[in-house]
1. Quick one: which residue in Thr51, Thr40, Thr27 is touching a residue at least 40 places away in the same chain (Cβ under 8 Å) and not basic (Lys, Arg)?
2. Which members of the range 84-112 meet the condition of being surrounded by 12 or more Cβ atoms within 10 Å (Cβ to Cβ) and more than 29 Å from Lys68 (Cα to Cα)?
3. Looking at Ala22, Ala46, which is the one that is surrounded by 12 or more Cβ atoms within 10 Å (Cβ to Cβ), modelled with pLDDT of 95 or more and among the small types (Gly, Ala, Ser)?
4. Take Leu50 and tell me if it is within 12 Å of the chain's Cα centre (by Cα) and either under 22 Å from Met1 (Cβ atoms) or of a type outside the set (Lys, Arg) (or both).
5. Return the residues of the range 49-69 that are under 22 Å from Asp108 (Cα atoms), surrounded by fewer than 18 Cβ atoms within 10 Å (Cβ to Cβ) and of a type in the set (D, E, K, R); say none if nothing qualifies.
Amino acid sequence: MIKTIFANPGWFYTAEIKETEAGIEITAGELRDAEVEGKTYPVDAAYFDLTPDDTSTVEYVLWLDLDKEKEIASLSLSKAYLDGRSYCAYEGKNFLISFPVSVRVSPDGTREGTIFMCREDGEEKKENEA
């Protein structure tokens, strides 16, 4: 099961993220700067399949980072076959903001993980109680 957690962090990402039958779908949104009030960075929409492997559990981690020099926020996906020798790790050069999606897919197709979505304080309480 993939659990969705709603929070109101300092760095605020406005996209909607949802699990589909085939994978994960992310709408276009913006990243709100935690250090400079009113500063935002656009983030493109994205989609990726959650494909199981025949023998190993597969881990998918979606990273949200910011190139402060160029003022560009972007998403990148890591995929690892968890065979005891590999794992997902952020290898980018930019300022890492968060990992909005972290999912493991077993060979039988079972999905476990977390989707983190940002909400304003009032919205966060309502959705976490639902």
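1. Within the list Thr51, Thr40, Thr27, the selection yields Thr51.
2. Ser86, Arg104, Val105, Ser106, Pro107, Arg111, Glu112
3. Matching residue, one of Ala22, Ala46: Ala46.
4. Criteria not met by Leu50.
5. Those that are under 22 Å from Asp108 (Cα atoms), surrounded by fewer than 18 Cβ atoms within 10 Å (Cβ to Cβ) and of a type in the set (D, E, K, R): Asp49, Asp53, Asp54.
The values are calculated or read from the model by the stated rules, or taken from the named source; none is laboratory data. Treat the numbers as computed from the prediction; the structure is a model and nothing was measured. We place every Cβ from the backbone using ideal geometry, glycine too, and count neighbours over all the protein chains shown.
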